[in-house]
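The values are calculated or read from the model by the stated rules, or taken from the named source; none is laboratory data. Remember, it's a predicted structure, so these values are computed and weren't measured experimentally. Backbone-built Cβ (ideal geometry, glycine too); neighbour counts: all protein chains shown.
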Amino acid sequence: MNMSALNATTDSFMKLGFGQSYLREKKIQKYTTAMVTKLSPFETYIAIIKGYCAMLILFLPSAFKNGGWAMSTFLMFGSGMLSYVCAAMLVEAGLKMGIHSYSLVVERTFGSKGRLIIDIMIAAT
């Protein structure tokens with residue numbers, strides 16, 4: 001970060017009547033913000049997966065306790081199979097239409113209202 005630019009910013013803030021501690025905080029904030037690195041797409045993917053895994057680690061044991069070991073195992077396997085079949089059908093539909101976006105496949109199938117509903121559902125999860 002250019003120190004002369006920071007000094008010019010400090011001078012302009014002082015003319016406006018801001019206090020010295022406020023200016024010091026702003027300088028520190030700008031400097032630390034410039035040093036922050038963003039996550040790559042792969043790192044973002046891993047962070048999301050870690051979030052889902054952490055939730056499973058926390059909630060799955062009590063779900064098995066409450067639902068029973070046999071029934072919970074059966075339902076979890078069934079849910080996984082249903083998710084697999086739905087994902088395979090979605091990929092097949094996208095390949096047939098030549099679209100590689102979930103929202104666009106839904107829009108082509110159900111219209112713009114369907115796409116809006118799906119986008120809201122995705123944002124909520």
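Keeping to the range 48-82, report how many residues are under 28 Å from the mean Cα position of the chain (by Cα) and among the charged types (D, E, K, R).
1
Kindly provide the set of residues from the range 71-108 that are more than 29 Å from residue 59 (Cβ to Cβ) and exposed (fewer than 12 other Cβ atoms within 10 Å of the Cβ), ordered by number.
Within the range 71-108, 92, 95, 96, 98, 100, 101 meet the criteria.
The rows are residues; the columns are (1) farther than 21 Å from residue 122 by Cα; (2) not assigned by TED's automatic domain parsing to the domain that holds residue 122.
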| residue | (1), (2) |
| --- | --- |
| 44 | no, yes |
| 50 | no, yes |
| 54 | no, yes |
| 62 | yes, yes |
| 86 | no, no |
| 97 | yes, no |
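Identify all residues within the range 101-114 that are of a type outside the set (S, T, N, Q) and over 18 Å from residue 89 (Cβ atoms); write none if there are none.
From the range 101-114, those of a type outside the set (S, T, N, Q) are 102, 104-108, 110-111, 113-114; that's our starting set.
Those that are of a type outside the set (S, T, N, Q) and over 18 Å from residue 89 (Cβ atoms): 111, 113.
Every residue in the range 57-70 that is aliphatic (A, V, I, L, M) and loosely packed, with under 11 Cβ neighbours inside 10 Å, please.
Our first condition is that a residue be aliphatic (A, V, I, L, M); within the range 57-70, this holds for 57-58, 60, 63, 70.
57, 58, 70 - these are the residues of the range 57-70 that are aliphatic (A, V, I, L, M) and loosely packed, with under 11 Cβ neighbours inside 10 Å.
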